[in-house]
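Each value in this text was obtained by applying a stated rule to the coordinates, not by laboratory testing. Keep in mind the model is a prediction, meaning the values are calculated, not measured. As a convention, Cβ positions derive from the backbone with ideal geometry for all residues, glycine included, and neighbour counts pool all protein chains shown.
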Amino acid sequence: MDLKFDSIEGDSIQYRLMMIAFAVFAVAGFIATWSVIEKGLWVTGMNNRVPWGLQIVMAIYYIGLSAGSLVISGLYGVFGKQEYKPFARIAVYVAMLFLIAGLLSILTDQGRMDRVFVEPFVYFNLQSMFSINPILYIGHILICVIYLWALFYERKKLTTVIATVAFGWAFCVHSGTGAIFGFGARMLYESPLLPASFVAAAMASGTALMILMIVGLFRVTKRPLDDELIIWLGRFLAICLLVVVYFLFVENAYRAYVVELRDAAVYYLFGGLHSLLFWVGLILIGCFIPIFLLFYRKTGKTVRWIVFASALVVFGVMCERYVIVLPGLTHPPDLFPGMEITESVIQEGIVSYSLSFLEILQALGVFGVIGFLFGWGLKYLKLLPSEARVLNQTENIDVSPEEK
């Protein structure tokens with residue numbers, strides 16, 4: 001099969017309206033961020049007990065999507081599955097954009113933004129995940145740039161090497177992000193399983209999002225796409241979801257079993273809005289329904305049902321990120337085990353977090369930036385293939401001469 005990559009024309013009214021919408025989101029996010037910097041973080045829903053809010057939730061969500069998106073490119077670059085070569089370029093480009101989105105989300109969450117560009121590069125502490133992760137994130141972006149260059153110029157040996165490095169680095173990136181919480185001294189954070197659970201959820205959400213993007217882009221641009229390619233990705237997504245459910249079960253069973261963590265476990269599972277997001281958003285909508293749809297023979301071999309299941313997974317993992325970050329902060333840390341605090345200058349016990357309008361605008365702003373860059377890439381970079389077909393065992397993909 002002669003495979004040719006090209007860009008879209010980008011002259012339609014729909015494309016222009018999309019880019020205008022992304023630009024408006026970006027500007028609104030910039031104005032909201034400037035307002036937060038001028039007035040202080042008190043204008044958001046955060047406080048002394050809850051220093052992380054929606055932006056940190058979105059940051060780890062985007063970072064997970066980035067690591068998971070590279071799985072699709074790794075099917076070709078690492079494992080040599082030629083039929084998935086058509087998706088490699090777009091997967092790497094999206095992975096780079098999502099990591100940038102994660103870093104922008106972290107940036108907009110800072111009260112002292114000027115320190116972001118100094119402290120991580122001047123002071124280094126191997127015992128702090130906050131010090132280690134900036135190196136992982138920057139390295140990930142640089143690797144994606146080299147990976148994308150190798151794909152554009154058809155450097156096969158370099159592609160294999162850099163794809164393997166990128167695949168392993170993505171696991172390190174998300175394991176490091178999970179370690180920020182898993183190695184934290186809070187009852188609902190501290191867990192050696194959390195880094196591995198982060199990786200599993202990242203693979204599930206990244207694969208689900210790539211299914212949505214691949215099917216959507218090929219349908220909109222009217223390019224041939226064999227259903228079997230999406231069906232196989234749906235099977236892979238189903239396996240990832242089983243792993244996610246396993247980690248969730250073990251982690252919560254451990255909390256319920258250990259006496260010291262039992263109260264925290266009850267709060268996590270039955271303590272308010274976050275519990276509703278856990279049971280309904282993550283477990284039911286994000287895991288059980290998609291697993292049923294993907295394993296059931298009739299729906300698991302139908303592209304539209306796979307797309308629907310993928311959309312549920314993307315939503316469910318977003319809920320999972322929320323219930324990781326916020327409940328661990330609103331639940332009181334056990335600073336003095338076996339003792340009761342009778343008086344304190346800060347609020348004790350369970351505290352609340354309410355999402356503010358400015359935080360929503362900031363999140364929309366980050367989405368607008370990466371959405372605009374994504375639209376720009378579709379128009380000016382040769383990211384999309386002419387077609388995506390299932391290959392016979394004796395058939396190879398050849399690249400057109402102008403792509404070499």
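Before moving on, here are some points about what is shown:
- Exposure proxy ranking, count of Cβ atoms within 10 Å, fewest first, for L151, L217: L217, L151
- Cα centroid of the range 269-336 to Cα centroid of the range 1-48, whole Å: 26 Å
- Loop chymotrypsin sites (Phe, Trp or Tyr not before Pro), the range 54-119, which have at most 15 other Cβ atoms in a 10 Å radius of their Cβ (DSSP): F79
- Each residue of the range 76-82 is assigned a 3J(HN,Hα), and the resulting list reads 8, x, 9, 9, x, 7, 4 Hz, derived from the Karplus form 6.51 cos²θ - 1.76 cosθ + 1.60 (θ = phi - 60°), x at Gly and Pro.
- Which labelled figure in [x] 22.5, 68; [y] 19.9, 57; [z] 21.9, 77 is Rg and Dmax of the Cα atoms in Å, once derived from the coordinates: [z]
- Once C-alpha pairs closer than 8 Å and six or more residues apart are averaged by separation and normalised to the residue number of the chain, the relative contact order reads 34 percent.
- Other residues lying with their Cβ under 15 Å from the Cβ of A196 contribute a combined charge of -3, Lys and Arg counting +1, Asp and Glu -1.
- Candidates G272, G77, G102, ranked by Gaussian network fluctuation over the chain, Cα under 10 Å, top entry: G272
- Within the chain, helix-based [θ] at 222 nm, where runs of 4 or more DSSP H residues each add -39,500 (n - 2.57), nearest 500: -22500 deg cm²/dmol
- Counting only Cβ charges, +1 for Lys and Arg and -1 for Asp and Glu, the dipole size of the range 157-282 around its Cα centre is about 360 debye.
- Taking Cβ atoms as reference points and 15 Å as the exclusive limit, the residues near T299 contribute a net charge of +4, counting Lys and Arg as +1 and Asp and Glu as -1.
- For the range 163-274: Kirkwood Rh in Å [reciprocal of mean 1/r, alpha carbons]: 16.2 Å
- DSSP-assigned coil residues among trypsin sites (Lys or Arg not before Pro) in the range 188-287, each with at most 10 further Cβ atoms within 10 Å: K222
- Dipole size of the range 1-146 about its Cα centre, with +1 on Lys/Arg Cβ and -1 on Asp/Glu Cβ: approximately 280 debye, rounded to the nearest 20.
- Choice from V220, V50, V94 showing the highest fluctuation, given a GNM over the chain with Cα pairs closer than 10 Å: V220
- Counted by Cβ distance under 13 Å from S310, the other residues give a net charge of +2, where Lys and Arg count +1 and Asp and Glu count -1.
- Cα Rg, Dmax (largest Cα-Cα span) when computed across the range 233-325, Å: 14.5, 47
- Exposure proxy ranking, count of Cβ atoms within 10 Å, fewest first, for V122, V165, V390, V57: V122, V390, V165, V57
- The count of lysine pairs in the chain whose Cα atoms are under 18 Å apart, excluding pairs fewer than 8 places apart on the same chain, comes to 19.
- From phi via Karplus (6.51, -1.76, 1.60), per-residue ³J(HN,Hα) for the range 139-154 in Hz, x at Gly/Pro: x, 5, 5, 4, 5, 4, 4, 5, 4, 5, 4, 5, 5, 5, 9, 6
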